[in-house]
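Okay, structure first, notes after.
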Amino acid sequence: MEGEVDLQSRITEGPIWRHLLSFFFPILLGTFFQQLYNTVDAIIVGNFVGTEALAAVGGPAAVLINFLVNLFVGLSSGATVIVAQYYGARQMQELRRTVHTALALAIAAGLGIMILGIALSYPAMVLMGTPAEVMDYSLIYLRIYFVGSIASFLYNVGSSVLRAIGDTKRPLYFLIAACLTNIVLDLVFVVGFGLEVLGVALATVLSQMVSAVLVMLVLCRPDSIFCIARKEIRFHPDILKSILRIGLPTGLQSDMYTISNMLIQSCINSFGTNTMAAWTAFCKLDAFYWMISGAFGISITTFVGQNFGAQRYDRVRKSVRVCLLLSLVTALLVSGLYALGAQPLLRMFSTDTQVIDIGTFILWRMSPFYFTFICVEVMAGAIRGTGDSLKPMLLTCGGVCVLRVVWIFTVLPLDRTLGTLLLSYPMTWSITSLLFIIYYVRGNWMRRQIQKYGFSAERL
């Protein structure tokens, strides 16, 4: 407890930028390896199998996977909050009930997603207009991928539990181990044995199993505070209700993004295989920026949460300004890198000149506008840090997801070109940022949260 008090003191005092970066870099490193995990698959497939396989692995298949997985990842965040609360209160019996419930949820959800994923792969690919030359590759990848759902969910829950008690290093180590395993197996199965997409899928599943086994070994250690026992892995209704109440909004927000991306992917598919492959390559590069942006969002949420709890409202406001500046500088640097190095970066994924040309067009149309999204990520994270998660979800889903869908059904039919489709991104980012600025400045959000928690408003 003494160490926690000291940490609290340090966070609520001293240079804000230093504290934000101390949160930012560990989070960034973890998400980097998570993204590298997926990017390597695309690089190996694109270079050693072909354009159709690249389109299959990174196109409609990836969208469907994200749709089914994101909901559970959101739910696991609910478990993280509850574990952190019980750990802070030293209520070890309740902590153990929460962990066992979360593991039961991971197993049940993993089994359900595996069955649904395998069963719905074909109709989902048809629904998204997947070209015939890509269909077989997509189905092979999806059906094998979903076999590993339980392992994937166990790792997500286990790593969330460890992070909730302050153990951020071991989940990172396990992710690195899984990433390296995936790279080695990709090379063995694809390059060595010539298994093409089948090999990539097998490598992914086996590496997920590695990370799941490693995290479970930690949770099940005899000296672990969790005291995991196989017989106790079951649902505790009150705990399950709390997990769903906290985690479901986050999961639904993620799936709203995925639904709009499924519509985007359907439109991309209509432009042909080369465009699909180029979009896949772009998405892998694009994800690195969103990884950075997301790390800032998590950092500001943590920082604001602790300072809001300490009733340091001045530091809450200052931290938002500092984080906006840091995010802006990062966005401009990444945009410049992508603008100047578009073609060399895209050649990592494909040697097809048409794919590279289309990918360059996409990258130049999208990356210069990254800065228009920074207010969404930072302000949403700050508001969540005060305990208000509903308003950021509504603003984000309405501004980004709904408007993008409206654009697809109203504007795109008037000029059905790739450029018009891509314009939906900076348009929705800009409008949503404006909505957040208005709400942040005029929404009286902090005062409402102060009243909700019974804090003193004298320092506001």
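Miscellaneous remarks
- Being part of a helix (DSSP H, G or I), in contact with a Pro (Cβ under 8 Å, 6 or more places away or on another chain) and over 22 Å from Thr51 (Cα atoms) holds for only one residue in Val205, Val215, and it is Val215.
Residue-wise test of (1) over 16 Å from the mean Cα position of the chain (by Cα); (2) aromatic (Phe, Trp, Tyr); (3) modelled with pLDDT of 70 or more.
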site	(1), (2), (3)
Val5	yes, no, no
Ser22	yes, no, yes
Ile27	no, no, yes
Phe33	no, yes, yes
Val69	no, no, yes
Ala79	yes, no, yes
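- Any pair with Cβ under 7 angstrom, 6 or more apart, that starts in region 295-323 at a residue that is touching a residue at least 60 places away in the same chain (Cβ under 8 Å) and assigned by TED's automatic domain parsing to the domain that holds Trp445 and ends at one that is among the charged types (D, E, K, R) and part of a helix (DSSP H, G or I): Phe296/Glu377; Gly297/Glu377; Thr301/Arg384; Asn307/Arg315
- Count - residues of region 183-234 that are closer than 24 Å to Gln34 by Cα and of a type in the set (D, E, K, R): 2
- Some residue of region 338-346 being farther than 21 Å from Cys283 by Cα, in contact with a helix residue (DSSP H, G or I) (Cβ under 7 Å, 6 or more places away or on another chain) and loosely packed, with under 15 Cβ neighbours inside 10 Å: no
- Ser138 being over 17 Å from Leu206 (Cα atoms), surrounded by 24 or more Cβ atoms within 10 Å (Cβ to Cβ), of a type outside the set (Val, Ile, Thr) and at pLDDT 85 or above: yes
- Pair list, Cβ < 8 Å and 6+ apart or interchain, from region 418-436 residues that are closer than 25 Å to Asn274 by Cα to residues that are among the hydroxyl-bearing types (Ser, Thr, Tyr): Leu418/Thr275; Pro426/Thr372
- Scanning region 347-376 for residues that are modelled with pLDDT under 90, crowded, with 24+ Cβ neighbours inside 10 Å and not hydroxyl-bearing (Ser, Thr, Tyr) returns a single hit, Phe349.
- When residues of region 190-202 are limited to those that are in a helix (DSSP H, G or I) and of a type in the set (A, V, I, L, M, F, W, C), the one farthest from Met114 (Cα to Cα): Val191
- Filter result for Cys283 (without any contact (Cβ under 8 Å) to a residue 12 or more places away in the chain, under 29 Å from Asn38 (Cβ atoms) and hydrophobic (A, V, I, L, M, F, W, C)): no
- Those residues of region 233-266 which are within 18 Å of Ala287 (Cα to Cα) and either acidic (Asp, Glu) or over 14 Å from the mean Cα position of the chain (by Cα) (or both), in sequence order: Asp255, Ile259, Ser260, Met262, Ile264, Gln265
- Qualifying residue in region 303-316 (condition: of a type in the set (D, E, K, R) and at pLDDT 90 or above): no
- Answer residue from region 202-261, given it is polar (S, T, N, Q) and at pLDDT 75 or above and is farthest from Val184 (Cα to Cα) among those: Ser242
- The selection criterion, being touching a Gly at 6+ places or on another chain (Cβ under 9 Å), closer than 24 Å to Pro413 by Cα and either of a type in the set (S, T, N, Q) or at pLDDT below 90 (or both), does not hold for Gln343.
- Filter result for the condition that a residue is modelled with pLDDT of 90 or more, under 19 Å from Glu52 (Cβ atoms) and out of contact with any strand residue (DSSP E or B) (no Cβ under 8 Å at 6 or more places or on another chain), over Phe189, Phe146, Phe174: Phe189
The values are calculated or read from the model by the stated rules, or taken from the named source; none is laboratory data. Values in this document were obtained by computation on a predicted structure and should not be read as measured data. Cβ atoms come from the backbone with ideal geometry, glycine included; neighbour counts cover every protein chain shown.
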